Amino acid sequence: MKKEKAKVLLIYTGGTVGMVQDEKTGVLKPFSLDSIINYIPELSRFGFRIDGYSFNPPIDSSNMKPEIWIQLADIIGKNYNNYDGFVVLHGSDTMAYTASALSFLLENLGKPVILTGSQLPVNVLRSDAQENIIVSIEIAAAKQNAKAKVPEVCVYFENHLYRGNRTYKHNAENFDAFNSSNYPELATAGVHIKYNNGVIAKSSAKKLVVHQSLDTNIAIVKLFPGTNPALLESIFNTKGLKAVVLETYGTGNAPTDKAFLKPLEKAAKKGIILLNVTQCRAGAVQQGRYETSAELKSIGIISGADMTTETAVAKLMFLLGENYPVASIKKLLQQSLRGELTV
Ligand code: ASP
């Protein structure tokens, strides 16, 4: 019997990968998906069916928004049964946020969704685009015993495949732009693509559920020595605010003086969800380890464990969008829904 061709849907949202320099101004602006594909003739050698879907217009990922995350999830949902995997071309600046959001929006995922992009446009001689796109497509099509090898939302950049909701962009210059300090690589591309099977999520036997609502009534507050309590107060008084990601020091520590704690206490009493994540890129919040976090715990601030800020934002938008009661959201924040935190 003839083996069926692997089918991959290449979704182009924008980003440096598909930008050309404007001749007059020198500014980088997006160009079309067809033009990108023309720069990678090697793709035909896979023998896969690779279809394209392009956002119109393609955007720099600094213009990414939750509405587009929902649209992206919907496109994947509508095409889910027709493809073996999905590759999303995306700017690197907010890629970690999009990967996190998609991981929550796509529940029971059984196929790969690989986000990739590049630091240099595809038409530049030394571009990293070709390699990133070729390997991402290979991973999106990879199967073992008729099942997807990596049924997860991932980020692939410069030889590394990461769980998307564990990533952050750590370098604006190097090709190696992403990192995942709190979770190991899912695969490494060298002479062979080596899959780290023990850390890859198992394919879900349940039907894919595509969630369609995100609530953006949240804020991020990053502490710094000298944080003005009045500033906190004014943020917490924002109309409609439902939750705040509090970026604290080290293992989740914050000042102990009353003036600082008062606005937090008031916000928590009002029902605003306060989620504690660390400013450190590796390690986890451990509320109560130091005196400087014990008070936060007693106020009712929720530990974000080792979640990245990017994932904390996406998870809050998702849980609030699902309209769960506050008590349930507080519980779910501390559980691993898509492998985003270590319990
Ligand atoms: N500004 C670009 C973007 O995020 C950078 C990149 O693609 O790497 O869209």
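The values are calculated or read from the model by the stated rules, or taken from the named source; none is laboratory data. Quick caveat, the model's predicted, so the values are computed rather than measured. When we count neighbours, we look across all protein chains shown, and the Cβ atoms used for this are built from the backbone with ideal geometry, even at glycine. What goes into the accessible areas is simple: the full protein's heavy atoms, side chains included, and nothing from ligands, DNA or RNA. Shrake-Rupley method; radii C 1.70, N 1.55, O 1.52, S 1.80 Å.
A few comments on the model shown:
- The 1.4 Å probe gives accessible areas that order Glu233, Glu310, largest first, as Glu233, Glu310.
- For Phe157, distant residues with modelled amide H under 5 Å away: Tyr162
- Projecting the Cα atoms of Ile11, Ser61, Gly47 onto the charge dipole of region 6-83 (Cβ charges, centred on the Cα centre) puts Gly47 farthest toward the positive pole.
- Listed values for region 195-210 are Karplus-derived 3J(HN,Hα) couplings in whole Hz (6.51 cos²θ - 1.76 cosθ + 1.60, θ = phi - 60°), namely 8, 8, 3, x, 10, 8, 4, 7, 5, 7, 7, 7, 6, 4, 10, 9, and x replaces Gly and Pro.
- Normalised per residue, the accessible area of the chain is 46 Å², obtained with a 1.4 Å probe and no contribution from ligands, DNA or RNA.
- Residues His170, His192, His90, ordered by accessible area of protein heavy atoms at a 1.4 angstrom probe radius and largest first, appear as His192, His170, His90.
- Residues Glu152, Glu185, Glu173, ordered by accessible area of protein heavy atoms at a 1.4 angstrom probe radius and largest first, appear as Glu173, Glu185, Glu152.
- Charge dipole (debye, nearest 20) of region 176-327; +1 at Cβ of Lys and Arg, -1 at Cβ of Asp and Glu: 400
- The figure for Arg338 is an accessible area of roughly 50 square angstrom, using a 1.4 Å probe on the protein chains alone.
- Taking all protein chains together and rolling a 1.4 Å probe, Glu4 ends up with roughly 140 Å² accessible.
- Extent along principal axes [Cα atoms of region 57-214; Å; largest to smallest]: 43, 36, 30
- Taking region 83-240 and dividing mean pair separation by its residue count, relative contact order in percent (alpha carbons under 8 Å, at least six apart): 23
- Legend: translational diffusion of region 206-338 by Stokes-Einstein, Rh = Kirkwood radius over C-alpha pairs, 20 °C, 1.002 mPa s; D = 143 µm²/s.
- Here region 16-97 yields Rg over Rh of 0.99, to two decimals, using C-alpha coordinates and the Kirkwood radius.
- Counting heavy atoms of the protein chains alone, Phe48 has an accessible area of about 50 Å² for a 1.4 Å probe.
- Cα centre as origin, Lys/Arg/Asp/Glu Cβ charges: the chain dipole, Debye: 1100
- Computed over the Cα atoms of region 277-325, the ratio of the radius of gyration to the Kirkwood radius (Rg/Rh) comes to 1.03.
- For the chain, the fraction of 1.4 Å probe accessible surface lying on carbon and sulfur atoms is 50 percent.
- Converting phi to 3J(HN,Hα) with the Karplus coefficients 6.51, -1.76 and 1.60 and the offset θ = phi - 60°, region 80-87 yields 4, 6, 8, 9, 7, x, 10, 10 Hz in sequence order, with x at every glycine or proline.
- A Stokes-Einstein calculation at 25 °C with viscosity 0.890 mPa s, built on the Kirkwood radius of the chain over Cα pairs, returns a diffusion coefficient of 117 µm²/s.
- Angle in degrees between helix 95-105 and the longest Cα principal axis of the chain, rounded to the nearest 10: 80
- Residues with amide H under 5 Å from that of Ile220, placed H, sequence gap 5 or more: Val245
- Only helices enter this figure: runs of n ≥ 4 DSSP H residues, each worth -39500 (n - 2.57), summed and divided by the residues of the chain, yield -8000 deg cm²/dmol at 222 nm to the nearest 500.
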